[in-house]
Each structure stands twice: as C-alpha cells, then as structure tokens.
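The values are calculated or read from the model by the stated rules, or taken from the named source; none is laboratory data. No experiment lies behind these values; they were computed from the predicted model shown. Using ideal geometry, Cβ is built from the backbone for each residue, glycine included, and neighbour counts are taken over all protein chains shown. Quick note on the areas: whole protein, heavy atoms, side chains included, nothing else; ligands and nucleic acids left out. Shrake-Rupley method; radii C 1.70, N 1.55, O 1.52, S 1.80 Å.
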Amino acid sequence: MSADQPTTAPDATVVIFGATGDLAKRKLLPALHNLACRGVLPQRFRVLGIGRSPMSDAEYRAKVKADVGAFGNPGAPSEVWAWFESRLFYASGTLDDLASYESIRDRLDALDGAPDAAVGYVFYLATPPDAVSDIVLRLGAVGLLNEEAHRFRRVIIEKPFGHDLSSAIDLDRQLNADLAEHQIYRIDHYLGKETVQNLMAFRFGNEIFEPIWNRRYIDHVQILVAETVGVEDRGAYYEQAGALRDMVQNHLFQLLALTEMEPPISFGADVVRDERVKALHAIAPWTESDVRANVVRGQYGSGRLGEDAVPGYRAESRVPPGSTTETYVALRLVIDNWRWAGVPFYLRTGKRLPSRVSEIAVQFNRPPLELFRRTTGSIEPNLLVVRIQPDEGISLRFQAKVPGPDLRLGSVSMAFNYADYFARAPETGYETLLLDCLTGDQTLFHRADMVVAGWRAVAPILELVSSQPDALLSSYAAGDWGPAEADALMARDGRAWRRPAP
Ligand code: BG6
C-alpha cells in the first residue's frame with residue numbers, strides 16, 4: 001500500500017493452514033489468483049495448502065479451480081490459470097503433531113530445490129483462533145520461522161487477536177517467543193478495502209478538508225457498519241464473540257482511527273501505525289456509569305428482511321435459547337485530544353439490519369446565524385459521507401437556492417462514485433493485504449500496541465457484561481435499525497442516527 005514499496009512480490013511460498021476451509025475457498029485463493037492476473041506475483045511463487053483431509057496436488061488444483069470459478073475471476077485468460085495452477089501444492093497434516101511440521105519443512109525444501117533457497121515464506125493461519133499459538137510454536141520448533149537475508153518468514157493471523165485485554169497480551173507473549181513483531185501480520189480485511197484506504201488519500205491528499213476536520217467545524221461523526229446477514233453457520237464462534245469483539249474492537253475502531261488520526265509525517269508503515277495507535281489511545285476511558293450511559297447492546301429477534309421471514313438469533317444453529325450475546329452495538333465515544341474535544345463519535349454495527357451499508361458520516365456545525373429562517377426555517381447542516389460499501393464513494397450535502405421568487409434553501413448533494421471514475425477489476429478485498437505481506441509492508445496490519453489499545457477501550461464494557469451478562473441488552477426485530485434504546489441514546493444529545501438508503 002505504501003508509495004515506497006515495490007509492487008512485485010519477491011520469490012515466496014504462501015503456506016495456508018486451513019487450506020480446505022471457508023476463508024481459503026472464498027477469499028485467499030481467489031485473491032492470489034487475482035494477483036496472478038495482475039502479474040504482480042514472482043516467477044518463483046507457490047502455494048502450499050495444508051489441511052486435514054488427504055488430497056493429491058491434482059485434486060487440490062481441481063478444487064481451487066472450482067473455488068476461483070465460484071468466488072474469484074472466472075473470466076481470467078487461460079494462460080494465467082495454467083501459470084497459477086502449476087504453482088499449487090497440497091499436504092495433509094494434523095496441526096498438533098510435530099511430525100506434520102517436519103514434513104511441511106521437508107516438502108518446502110523439496111519444492112525450493114534446496115534447504116537454503118532464497119525463498120520467503122508466508123504462513124497464513126486460516127485456522128480457529130485457539131490453534132494460532134500452537135501452530136507458531138511448532139513452526140518455530142522445526143526451524144521454519146528463522147529468517148536470514150532474502151528468506152523472510154512471516155505469519156498472517158486472523159482476528160480475534162485474543163478475547164480481551166489480558167488474553168491479547170498473553171497471545172502476544174506466546175507469539176513473541178518465536179516471532180519478532182516485524183514477522184507478525186495481524187490482518188483486518190476492512191483495511192484492505194479501497195475506500196477505507198481512500199480515507200487517508202481524501203484527508204491528506206487534499207488541502208480543503210483538513211483545515212475544517214476538527215471540533216471548530218464538526219458537530220459529530222457517525223460510523224456505521226450495517227449487515228443484513230445473521231450469524232449464519234457461525235453460531236458457535238459468535239456466541240464467544242458478539243458484535244463488540246467481532247466488529248467494534250477491530251473494524252470499527254480502525255475506521256475511527258483513520259477518521260480522527262493526525263496526519264502522519266510519511267507513509268512509512270510504523271509512522272502511519274503510530275498515528276493510528278495514538279488515535280485509539282485518545283478514546284476517553286469509561287467508568288461503569290459511563291458504560292451504562294453510552295453503550296447499547298442489542299440482539300435480533302425474528303423478523304423480516306425484504307420478503308423473507310427470518311429467525312431470531314436465539315433460534316440460530318449452535319446458539320443457546322437463553323443467549324445474551326449481542327448482535328448489535330451502539331456506542332457514544334469521546335476523543336480526548338485537542339482536535340476533537342467535545343465532538344462525540346457515534347459507532348453502530350449490527351446484523352440483520354435493513355441494508356448492508358458501511359459509511360462514515362461527518363456532520364458539520366450549522367451556520368452561526370439563521371439568515372434564512374423566515375423562508376426556510378432551520379436548515380440542514382453540511383454532511384460529508386464516505387461510503388465504504390456498497391456503491392463506494394463520497395458525497396457532500398450543502399444548501400442551494402430553490403428556484404423561485406423567495407430566497408429559500410434546499411439541500412442538494414455533490415457526489416463522487418468510484419465506479420464513475422475508476423474501472424475496477426473484481427476483487428475479494430484480500431489482494432492488497434496479501435501483496436503487502438509478500439512485499440513486507442505492515443502499514444495496513446494491526447500492530448500489537450494497537451490491538452491492546454482497542455481491547456483497553458472496550459474493557460469496561462466487557463467487565464460489566466461478564467458480571468451481568470444481560471447488561472444493556474435489548475432486542476430488535478430482524479429488519480429494523482436496532483433497539484429503541486439506541487435511538488434514545490442519540491435523542492438525549494438532540495441528534496438522530498442516519499438511516500442510509502439501501
Ligand atoms: C468479519 C466478521 O470480520 O466481518 C463478520 O467476523 C462480518 O461477522 C464481516 O460479517 C463483515 O465483513 P464485510 O466485508 O462483509 O463488511
């Protein structure tokens with residue numbers, strides 16, 4: 001992602017643990033194939049898939065072909081597929097058996113042609129979170145994490161990075177026994193979204209917005225990640241997570257950080273990450289009574305999405321009937337720094353909401369004088385909306401004169417849509433992140449201190465919920481915009497949630 005990094009990857013093998021799982025099928029292999037289509041993978045590139053079920057290389061290639069056809073770019077030229085396919089290999093093994101790791105090491109040596117070949121390895125742990133530290137331990141034990149010049153060894157891990165503050169610190173301690181921080185790539189697929197990266201381009205590549213990006217001009221900010229899907233077949237995982245751990249501590253906090261951070265002095269990975277972590281440290285800490293006043297948890301009941309009747313969360317598979325896990329969270333945060341003092345940030349995310357939309361809405365102050373009150377009444381304030389998905393773009397609401405004899409104002413909008421300007425090849429969202437890892441650019445990955453800062457910010461909520469599981473929990477019907485308590489949270493400040501168009 002950085003302007004300074006080469007965009008063609010050095011010689012490397014991507015070893016995927018969990019190669020037959022959902023993530024590999026829907027995202028990782030289609031994304032690597034898309035990178036092959038772009039011509040940014042090196043000649044000496046390989047994928048070694050590791051899974052439990054025995055499979056030959058030929059069977060694995062056939063499986064990946066079907067997956068790329070279903071979830072990737074099936075229209076790619078056949079010579080690209082032939083190039084890609086010849087680089088796919090598979091090995092079966094069990095994750096808790098050291099012998100499997102020894103045979104992975106031998107297989108890699110055989111593929112490289114020599115044990116000391118100048119080939120980098122990326123180990124992608126597309127596995128359940130509780131397997132992560134053991135896999136790293138065993139990779140370390142068989143020498144697969146030792147780096148030398150031209151032989152990088154990097155590990156990509158998926159969230160959740162721990163379950164709370166203390167388990168996140170423990171996880172890092174375990175990882176650090178075998179890995180240095182520069183080898184750990186904590187992936188957050190939100191940071192791979194073009195429009196999320198565009199936030200930095202928008203704020204720091206333009207002169208006109210940054211001077212007004214502060215408490216003097218901004219009334220408040222709303223960050224929304226709304227989903228129409230329910231928990232689908234992930235009930236067992238979701239019961240342990242809930243929306244706060246699944247979405248807020250990572251994805252929403254990264255959107256928050258990019259919105260409120262200070263300009264970095266360069267786009268060096270650690271320079272940008274220093275600013276993002278400072279932005280998270282600025283979240284004002286909560287007491288228990290702050291939590292009670294500023295947090296709403298919700299859980300969807302049965303309802304309708306469009307034409308379809310859908311079950312409530314407690315009736316989903318592998319969810320206990322008395323579950324108190326939240327599928328919705330609304331928060332009011334205060335950012336304790338010079339730029340943002342007094343500007344509330346409202347964060348909201350939920351499943352089974354009426355539309356799938358992610359956006360950041362920045363509402364500006366009203367003009368100081370109501371010059372048009374006689375003809376127009378109270379006018380709508382300026383609003384800048386960065387739409388992250390779908391229909392990626394940016395719009396700015398402002399006032400214009402309604403044609404006619406009176407000086408009457410109406411709200412109009414200037415809109416930029418990505419699709420109107422940039423032709424986009426089909427993407428999974430993982431391409432940038434995988435290429436960044438191959439080229440050694442950690443800018444878009446979570447750093448350990450960032451993870452800790454996120455957990456620290458939500459710790460008072462988790463503490464309250466662990467002592468009182470139904471604290472602040474209300475229900476909402478699937479297909480509604482969340483519980484009434486969330487509306488009351490806004491109404492208390494004299495504001496309202498945006499209801500974005502689907
Ligand atoms: C994942 C969460 O990280 O993000 C899921 O675990 C959620 O619960 C998903 O559905 C949302 O991602 P996107 O890209 O569809 O907005």
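A few notes on this one:
- Among residues of the range 234-250 that are closer than 18 Å to S474 by Cβ and touching a residue at least 60 places away in the same chain (Cβ under 8 Å), those with a Cβ under 6 angstrom from a residue that is more than 7 Å from the ligand (Cβ to nearest atom) and charged (D, E, K, R), sequence gap 6+ or separate chain, pair up as G242/E326; A243/E326.
- Within the range 384-407, considering residues that are in a loop (DSSP other than H, G, I, E, B), surrounded by fewer than 16 Cβ atoms within 10 Å (Cβ to Cβ) and at negative phi, the one nearest to the ligand (Cβ to nearest atom): P390
- Within the range 32-50, being surrounded by fewer than 21 Cβ atoms within 10 Å (Cβ to Cβ) and either of a type in the set (F, W, Y) or not in a helix (DSSP H, G or I) (or both) holds for G39, V40, P42, Q43, R44, R46.
- Qualifying residue in the range 221-239 (condition: closer than 30 Å to G393 by Cα and either in a helix (DSSP H, G or I) or modelled with pLDDT under 90 (or both)): yes
- Output for the range 343-376, where each listed residue is among the acidic types (D, E) and either modelled with pLDDT of 95 or more or within 16 Å of the ligand (Cβ to nearest atom) (or both): E359
- Restricting the range 480-494 to residues that are of a type in the set (G, A, S) and open to solvent by less than 20 Å² (accessible area, probe 1.4 Å), the residue that is nearest to E288 (Cα to Cα) is A486.
- Subset tally (residues that are β-branched (V, I, T) and not in a strand (DSSP E or B)) for the range 320-337: 3
- Residue in the range 357-372 that is open to solvent by less than 80 Å² (accessible area, probe 1.4 Å), over 22 Å from Q249 (Cα atoms), touching a residue at least 60 places away in the same chain (Cβ under 8 Å) and in contact with a Lys or Arg (Cβ under 7 Å, 6 or more places away or on another chain) present: no
- Checking the stated criteria, R424 turns out not to satisfy the condition of being in contact with a His (Cβ under 9 Å, 6 or more places away or on another chain) and farther than 30 Å from R153 by Cα.
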